[in-house]
Amino acid sequence: MFREKNRHATAAMPHTAVPRDAPLAIDTANMYRPAGADGVDAADLAVLADPLARAHQALTERTRAGLESEYACLTLPAHMPAQLPQIWEAAQTIRRFRDVLVVGIGGSSLGAKALYRALKPVFPRPGDPSLHFIENIDPPYLDALLAHLAPETTAVVAISKSGGTIETVGQYLCLREWLEKHLGKARARQRQWLITDPAQGWMRALAAREDIPTLPVPPKVGGRYSVLTTVGLLPLAVAGIDVAALLRGAADNAARCAAADLEQNPALELAALYYLLDIRRGKRISIMMPYVNPLDLFGDWYCQLWAESLGKRREGAEPAGTLPVRALGTVDQHSQLQLYLESRRDKMFTFLTLRHGERGRAVPLPEADRAAFPYLEHRSLGEVLHAEFLATRDVITRAGHPNLTIGLPALDAHVLGQLIDLYQRVTVYAGLLYGVNPLDQPAVEAGKKLAVQYLSERVGGR
């Protein structure tokens, strides 16, 4: 497995040199017994041998038709590069605006928002626009934002695969009105782009009727799997992020996960571990804890992907899926670690770290303070962060909680492409192991229909 050969890579000090194009280092040692007291053992894996083989075969067969495949989301690294010229052309036009409002929710926003947070500089570079993600309906927030923006230098990118997502449509219509009020309809249209289904839906019809520039979402790719389509690639390209490198990283991970052998396919191994720890060890809570500050929103993307894909009822069986939880080291060592260590042993952990790290500033230690903090002498902030990570992982392991560590060789588009593709594959494999469809979301659709019903019944009232 990956557990032995990568064991020491993720424990390296943060200044250890690692090639920036290296693959993710996946250390699963603590997911297995005896390292993880409640972990998986050889007997568990032996029982799962045939289901794993069937899952890999099914995924292989259901991706052969490319973007027309059932699992088209896993073919994006191979097929989206052909659409990059169209994406770049639109992005170059949008980049002329100082502020870009990206209107979408759930899968139409979380992936791009997470990668934008991870890859953008702390302060925008000269010439880069500022992206504002308009997601949850919050009237005071939207009003306050528009009060500080100039319509002349603002563009709107609205994203809805169906073309009818109620939160997105409502806010997009308000933004259209705002632009038209200040600029007139003709100039307002020059500041709008739509990303939606290539053939149907309200947005597609609107684009045709009013000649609004539009980019397509592959019809077979669902929202939460769509960050590697125009849904994520256009906003990221607008922000100046290397989306070609993002796709190359995803393609590299896809090639790494092509083998049917558990020891050679990290996505297959992770899916097996998450699944077995749930059904055989009662680990019903899956916590993702980056020790990389810019990855704090990656947990949000993971939570939707995992929860909406796997959290489903199965006829005659226990409901599938585990509860995904996001945390951030070192912040949540001070807010959640107590519960992790002494509450119910129903948790598993995934740590994300930077393998090469950044030494950062040296901690200044005046002579008068050395007696109080002798362990900080000649240490950097990066070394403090790494020590905090190692300590947290060790106490969680000693408490019996299974955990794995993914070491990132760098924080760049290529590496994040690997990570996105890895978790999309893990999720699909896990769905096949649970026996659920990882692509649908029936409970969510029911809620959407009910919201429309409430609005229809209460027109003019509250």
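The values are calculated or read from the model by the stated rules, or taken from the named source; none is laboratory data. Computed from a predicted structure; not experimentally measured. With ideal geometry, Cβ positions are generated from the backbone for all residues, glycine too; neighbour counts draw on all protein chains shown.
Which members of the stretch 365-382 meet the condition of being in a loop (DSSP other than H, G, I, E, B) and either touching a helix residue (DSSP H, G or I) at 6+ places or on another chain (Cβ under 9 Å) or of a type in the set (Asp, Glu) (or both)?
From the stretch 365-382, those in a loop (DSSP other than H, G, I, E, B) are 365-366, 370-373, 377-379; that's our starting set.
Within the stretch 365-382, 365, 370, 377, 379 qualify.
Do you know which residues across the stretch 377-411 are surrounded by fewer than 17 Cβ atoms within 10 Å (Cβ to Cβ) and either without any contact (Cβ under 8 Å) to a residue 40 or more places away in the chain or over 27 Å from residue 35 (Cβ atoms) (or both)? Correct list: 377, 378, 379, 381, 384, 387, 391, 394, 398, 410.
Just checking: which of the helices (runs of 4 or more DSSP H) contained wholly in the stretch 43-133 hold 3 or more residues that are more than 25 Å from residue 248 (Cβ to Cβ)? Lay out the reasoning, then the answer.
Details: elements: 49-61, 76-79, 84-94, 110-119.
By residue number, 49-61.
Apart from one condition, residue 200 fits all of (1) of a type outside the set (A, V, I, L, M, F, W, C); (2) more than 22 Å from residue 91 (Cα to Cα); (3) in a helix (DSSP H, G or I); (4) in contact (Cβ under 8 Å) with a residue 24 or more places away in the chain; the exception is (3).
Counting residues in the stretch 151-174 that are farther than 18 Å from residue 196 by Cβ, in the same structural domain as residue 204 (by TED's automatic domain parsing), touching a strand residue (DSSP E or B) at 6+ places or on another chain (Cβ under 8 Å) and without any contact (Cβ under 8 Å) to a residue 40 or more places away in the chain gives zero.
Checking 240, 249, 232 one by one, the residue that is at positive phi and either at pLDDT 95 or above or touching an Asp or Glu at 6+ places or on another chain (Cβ under 9 Å) (or both) is 240 and no other.
Looking at 121, 140, just one residue is under 22 Å from residue 296 (Cα atoms) and either surrounded by fewer than 15 Cβ atoms within 10 Å (Cβ to Cβ) or not assigned by TED's automatic domain parsing to the domain that holds residue 188 (or both), and that residue is 121.
Yes/no matrix, rows are residues, columns are (1) of a type in the set (A, V, I, L, M, F, W, C); (2) under 18 Å from residue 430 (Cα atoms); (3) not assigned by TED's automatic domain parsing to the domain that holds residue 113:
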residue	(1), (2), (3)
303	yes, yes, yes
306	yes, yes, yes
339	yes, no, yes
349	yes, yes, yes
355	no, no, yes
359	no, no, yes
384	yes, no, yes
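Condition first: free of Cβ contacts under 8 Å to residues at least 60 places away in the same chain and polar (S, T, N, Q). Now tell me which residues in the stretch 285-341 satisfy that. Within the stretch 285-341, 293, 322, 333, 335, 336, 338 meet the criteria.
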